[in-house]
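Worksheet: the structure to be examined is printed underneath.
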Amino acid sequence: MLEVEQAPESPGIYAWYVTFRASAHDWETRPVDGHDSSIEGFLGLLREYASYYEPLPITLRGSAPYGGRWDGALELDHGMISRDPYEKDNGSDRREKERREQDREALDNTISSQTGRRLLAQFLSRTTPVFSSPLYIGVAENLNERLQRHRNSYSRAMEWLRSNPHDVDRLKRDAKTFGQRAAARGIAMENLEAWVIDLKELELDASVYSLRESARSAEWLLHRLFAPILGRQ
């Protein structure tokens with residue numbers, strides 16, 4: 001996002017991604033009272049990165065007998081970074097539960113050593129965009145102008161949040177633009193990357209109208225295939 005003015009001034013499709021960033025300071029061993037304090041710090045980085053992809057709570061409402069109402073919200077517990085100490089065996093597939101425990105144990109073992117933390121950080125930093133899900137997919141008449149509008153929206157939202165830090169949940173819920181949604185999730189500007197498909201570079205033998213219609217159709221389809229978490233839903 002720091003360099004969007006370098007985007008081509010041509011029509012195309014674009015997608016925003018968030019990269020995982022960690023430095024030697026994050027993975028190097030830091031002994032404190034006989035304990036490596038980097039373990040919890042690195043786990044915090046993983047939790048933060050996972051939070052960028054968490055869907056907003058789903059509000060459910062329904063009718064109950066005698067004029068009553070059911071009303072509440074469901075929040076996703078993906079179980080990737082945290083473990084519920086009160087989880088009970090409710091008869092679900094025991095093998096699946098054991099597999100989840102093994103995965104969690106592997107993560108614990110990985111982040112318990114400096115080498116494991118360094119390797120995991122380097123693996124994750126290379127997943128964008130090949131393995132990671134897009135945060136947002138859009139189509140633009142002018143990629144340069146559109147991406148700069150996203151950055152301006154992000155900057156204004158960040159500035160507003162600095163003066164209104166207690167309204168972050170409201171902005172998360174009511175945000176109208178990608179920039180506002182990314183700011184509400186606390187994603188640093190330097191961690192946001194835009195990847196583009198410049199229609200002019202495809203050298204397609206088609207009219208401008210056909211290119212625009214095809215790009216819009218591709219955007220529509222990509223939204224339904226990949227369900228970008230910060231896109232229009």
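The values are calculated or read from the model by the stated rules, or taken from the named source; none is laboratory data. Only a predicted model underlies this, so the values are computations on that prediction, with no experimental measurement involved. Don't worry about glycine lacking a Cβ; one is built from the backbone with ideal geometry, like all the others, and counts go over all protein chains shown.
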### Query
Do we have Ser38 as among the small types (Gly, Ala, Ser) and over 30 Å from Ile197 (Cα atoms) here?
yes
#### Entry: Positions within segment 187-233 being in a loop (DSSP other than H, G, I, E, B), under 28 Å from the mean Cα position of the chain (by Cα) and small (Gly, Ala, Ser), in sequence order
Ala188, Ala227, Gly231
### Query
Which one is modelled with the highest pLDDT among residues in segment 73-112 that are among the small types (Gly, Ala, Ser) and at negative phi?
Ser112
### Task
Inspect all residues belonging to segment 156-177 and state whether any of them is in contact with a helix residue (DSSP H, G or I) (Cβ under 7 Å, 6 or more places away or on another chain), closer than 25 Å to Thr127 by Cβ, of a type in the set (Val, Ile, Thr) and surrounded by 13 or more Cβ atoms within 10 Å (Cβ to Cβ).
no
### Message
Going residue by residue through segment 186-201, is there one that turns out to be at pLDDT below 90, buried (at least 16 other Cβ atoms within 10 Å of the Cβ), among the aliphatic types (A, V, I, L, M) and touching a helix residue (DSSP H, G or I) at 6+ places or on another chain (Cβ under 6 Å)?
### Response
yes
### Task
Return yes when Ala50 is within 28 Å of Leu221 (Cβ to Cβ), under 18 Å from the mean Cα position of the chain (by Cα) and assigned to a helix (DSSP H, G or I) and no when it is not.
yes
### Task
Take segment 204-233 and flag every residue that is of a type outside the set (D, E, K, R), within 24 Å of Thr177 (Cβ to Cβ) and modelled with pLDDT under 85.
Gln233
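Okay, residues lined up against (1) farther than 20 Å from Glu9 by Cβ; (2) touching a Cys at 6+ places or on another chain (Cβ under 6 Å); (3) in contact (Cβ under 8 Å) with a residue 24 or more places away in the chain:
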site: Gln148; (1), (2), (3): no, no, yes
site: Leu161; (1), (2), (3): yes, no, no
site: Gly186; (1), (2), (3): yes, no, yes
site: Met189; (1), (2), (3): yes, no, yes
site: Leu192; (1), (2), (3): yes, no, yes
site: Ala215; (1), (2), (3): no, no, yes
### Message
Given (1) at pLDDT 90 or above; (2) within 20 Å of the chain's Cα centre (by Cα), identify the lone condition not met by Pro55.
### Response
(1)
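Okay, residues lined up against (1) of a type in the set (S, T, N, Q); (2) not in a helix (DSSP H, G or I):
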position: Leu119; (1), (2): no, no
position: Phe123; (1), (2): no, no
position: Thr128; (1), (2): yes, yes
position: Ser133; (1), (2): yes, yes
position: Val139; (1), (2): no, yes
position: Glu145; (1), (2): no, no
position: Gln148; (1), (2): yes, no
position: Asn152; (1), (2): yes, no
